[in-house]
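Chemist: One structure coming up, written as structure tokens, with questions to follow.
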Amino acid sequence: MKPLRSARRMVARIFARAFTAVGGNFLWSWGGLRDGFHRTFQQGVIVNGKDSLLHFSAVFACVTGIASDIAKLRIKLCENENGIWMEITEKQPWLTVLRKPNHFQNRIQFCEQWAISKLLAGNSYILKARDGRGVVNALYVLDPARVYPLVAENGDVYYQLSRDQLSRQIENSVVLPARAIIHDRTNCLYHPLVGISPLTACALSATMGNKIQENSTYFFQNKALPGGVITAPGKISKDQVDDIEKKFQRQFSGENIGNVWVLGNEMKFNPITMTAEAAQLAEQLKWTVEDIARAFHYPLFKLGGPLPPYAGNVEALIISYYTDCLQILIESMELCLDEGLELPSGMGTELDLDNLMRMDTAALYDANNKGVGGGWLAPNEARFKANYKPASGGESPMIQQQNYSLAALAKRDAQPDPFARTPASIPVPAPEINPTPSKEVDETEIEAMSYAVARMELGIGIFREKQEPKVNLSNISQKIESIAEKLSILAAKKRESEEASRDPEQIPLPPPPEKPKKMTKRIERDSNNLISAIHISEE
């Protein structure tokens, strides 16, 4: 067994000589960060290490705040359907690793460690494990101090890994190709394979903040600043001084602060206030917090700073925080997962921003009402955003009936008179010849209409024989056609109601009776007017 291990180590050393090692972290190591920029005022300054820098509350708040905000975003597997990215929830082998990346971390813990590694070291190295099909089934975030990028002579990238039992990497100094590692990096200022942490820009400010707090702690711990000084106009003995000091400490310290003490013998109490140097110290501590927030692109109001002018709009604050700080980290993580999981074309991962962009209840309901009322958001989609179950009939967007499409309006405007009620180019629908038969048909109405038609036709014939120019025969003809049309409809109703089993086209039209039993008032009026006109013409 020992000769086999020795042979492996020898092969690894020979294999490693063919690569060029790339510095893992520029001017950075786990032990400490030293000043590499030789300036007169910074020469020899030793900056705190990463562990000590995290003791400063501003650094800790920036790193954990950004990492936790990214970790709470759910990772979705989406597919591109005609330009719309739709979430896939089943029947895909990558869903398991996105929900449970490894055997000791859930999704939130995995994403949080990924972001923390990138913020503190500038690099995140994720080791991929595969199943028998070659599909990635586990992801492990590695310690950035144990990973070193290597570049081969032909330009290929490899990574040298130290032993890490938690990620099931039991061998030491193992060289893996870039296909086995997801390398997410930020601020590659000096080498494309080496990221730089934001701590590089604010390490001095964090160190100064720690020093200010340490000195203040020692200063107040020793009680070097008294609350005030008691003075007397004359000389007093040591016993009197001790007695006055004990009484003052007993009656006006701790819970007794603020009690009233009456001094005699012209004694005076002079309180000691904060000096100008101490006030500047507080201003310097405030400046260190602002400088750290600037390096991490973190909103200052999240660290106790002043609110921006648009602070009344919660959504505007979140969008500003997202675009200035989180977007580049989120987009980079999504792209690294797409390439690392080797997803097919048209498929990708997406972090759900709904958990970040949550609005207040009133703004959420107002936005949903506008979306549903505008016709582009379905009611069930709005209910989903408000965490309600879908309702029956709410699957499709709805819009009011009087709204017309642009194509229909374009056809209307192409007419000679777009605002005419019946445009010339649009045919008027013909009346229904064979309507649905009604249950009851008035036979007297059919007889009256038939008799009126006969009388009107007789009158027209008389006018034509006499060639009377004063009578407008066209109006009378139109009335006859209208009455005849109604007559045919009523006759059809009667035939279909009487002989429903027979074809209505084979039923002959019954001849009009010689004299109606009963006439409607309107038809009687029209026919009487026509006969009166005939009599006047004859006279």
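Chemist: For the range 124-177, enumerate the residues that are closer than 19 Å to Val194 by Cα, crowded, with 18+ Cβ neighbours inside 10 Å and either not aliphatic (A, V, I, L, M) or not assigned by TED's automatic domain parsing to the domain that holds Ile108 (or both).
Modeler: Once the filter is applied, which keeps residues that are closer than 19 Å to Val194 by Cα, crowded, with 18+ Cβ neighbours inside 10 Å and either not aliphatic (A, V, I, L, M) or not assigned by TED's automatic domain parsing to the domain that holds Ile108 (or both), the range 124-177 yields Ser124, Tyr125, Pro144, Tyr148, Pro149, Tyr158, Tyr159, Gln160.
Matching residues to (1) in the same structural domain as Lys91 (by TED's automatic domain parsing); (2) more than 14 Å from the chain's Cα centre (by Cα):
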site: Gly340; (1), (2): yes, yes
site: Pro344; (1), (2): yes, yes
site: Leu364; (1), (2): no, no
site: Lys370; (1), (2): no, yes
site: Gly373; (1), (2): no, yes
site: Gly394; (1), (2): no, yes
site: Met398; (1), (2): no, yes
site: Asn403; (1), (2): no, yes
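Chemist: Let me ask something else about it. So Tyr321 fits all but one of (1) within 15 Å of the chain's Cα centre (by Cα); (2) free of Cβ contacts under 8 Å to residues at least 12 places away in the same chain; what number is the exception?
Modeler: (2)
Chemist: Quick check on the range 78-97: of everything there that is part of a strand (DSSP E or B) and acidic (Asp, Glu), which residue is modelled with the highest pLDDT?
Modeler: Glu79
Chemist: Tell me whether the range 166-178 contains one or more residues that are assigned to a helix (DSSP H, G or I) and more than 16 Å from Met333 (Cα to Cα).
Modeler: We begin by selecting, within the range 166-178, every residue assigned to a helix (DSSP H, G or I); these are 178.
Now restrict to residues that are more than 16 Å from Met333 (Cα to Cα): 178.
Checking the range 166-178: at least one residue is assigned to a helix (DSSP H, G or I) and more than 16 Å from Met333 (Cα to Cα).
Chemist: Additional query: Which pairs have Cβ atoms under 8 Å, sit 6 or more apart or on different chains, and link a residue in the range 56-75 that is part of a helix (DSSP H, G or I) to one that is of a type in the set (Asp, Glu)?
Modeler: Ala67/Glu112; Ser68/Glu112; Ile70/Glu112; Ala71/Glu112
Chemist: When you go through Ala115, Ala145 one by one, which is the residue that is touching a Phe, Trp or Tyr at 6+ places or on another chain (Cβ under 6 Å), assigned to a helix (DSSP H, G or I) and either at pLDDT below 95 or not β-branched (Val, Ile, Thr) (or both)?
Modeler: Working: Ala115 fails: touching a Phe, Trp or Tyr at 6+ places or on another chain (Cβ under 6 Å).
One residue alone meets the criteria, Ala145.
Chemist: Here's another thing I want to ask about it. Taking Glu171 and the conditions (1) more than 27 Å from Leu337 (Cβ to Cβ); (2) modelled with pLDDT under 85; (3) not aliphatic (A, V, I, L, M), which numbered condition does it fall short on, given that it satisfies the others?
Modeler: Here Glu171 clears every test but (1).
Chemist: Quick one: how many residues across the range 54-76 are over 19 Å from Trp114 (Cα atoms), of a type outside the set (Gly, Ala, Ser) and buried (at least 19 other Cβ atoms within 10 Å of the Cβ)?
Modeler: 1
Chemist: Could you tell me which numbered condition Ala206 fails, if it satisfies all but one of (1) part of a strand (DSSP E or B); (2) under 35 Å from the mean Cα position of the chain (by Cα); (3) hydrophobic (A, V, I, L, M, F, W, C)?
Modeler: Tallying (1) part of a strand (DSSP E or B); (2) under 35 Å from the mean Cα position of the chain (by Cα); (3) hydrophobic (A, V, I, L, M, F, W, C), Ala206 fails exactly one: (1).
Chemist: Name every residue in the range 30-55 that is part of a loop (DSSP other than H, G, I, E, B), at pLDDT 75 or above and more than 34 Å from the chain's Cα centre (by Cα), in order of residue number. Steps first, please.
Modeler: Filtering the range 30-55 down to residues part of a loop (DSSP other than H, G, I, E, B) leaves 30-32, 35-45, 48-49, 54-55.
Then drop every residue that is not at pLDDT 75 or above, which leaves 54-55.
Of everything in the range 30-55, just one residue is part of a loop (DSSP other than H, G, I, E, B), at pLDDT 75 or above and more than 34 Å from the chain's Cα centre (by Cα), namely His55.
Chemist: Just a yes or no: is a residue in the range 395-403 of a type in the set (Ser, Thr, Tyr) and either in contact with a helix residue (DSSP H, G or I) (Cβ under 6 Å, 6 or more places away or on another chain) or free of Cβ contacts under 8 Å to residues at least 12 places away in the same chain (or both)?
Modeler: Scanning the range 395-403, I find no residue that is of a type in the set (Ser, Thr, Tyr) and either in contact with a helix residue (DSSP H, G or I) (Cβ under 6 Å, 6 or more places away or on another chain) or free of Cβ contacts under 8 Å to residues at least 12 places away in the same chain (or both), so the answer is no.
Chemist: A follow-up question, please. If I ask for residues that are touching a residue at least 60 places away in the same chain (Cβ under 8 Å), closer than 20 Å to Thr207 by Cβ and not in a loop (DSSP other than H, G, I, E, B), which ones from the range 282-309 would you list?
Modeler: Matches in the range 282-309: Gln284, Leu285, Trp287, Thr288, Val289, Asp291, Ile292, Ala293, Arg294, Ala295, Phe296, Leu303.
The values are calculated or read from the model by the stated rules, or taken from the named source; none is laboratory data. Here the structure is a predicted model, which is why all the values come from computation and not from measurement. Note that each Cβ is placed from the backbone with ideal geometry, even for glycine, and that neighbours are counted across all protein chains shown.
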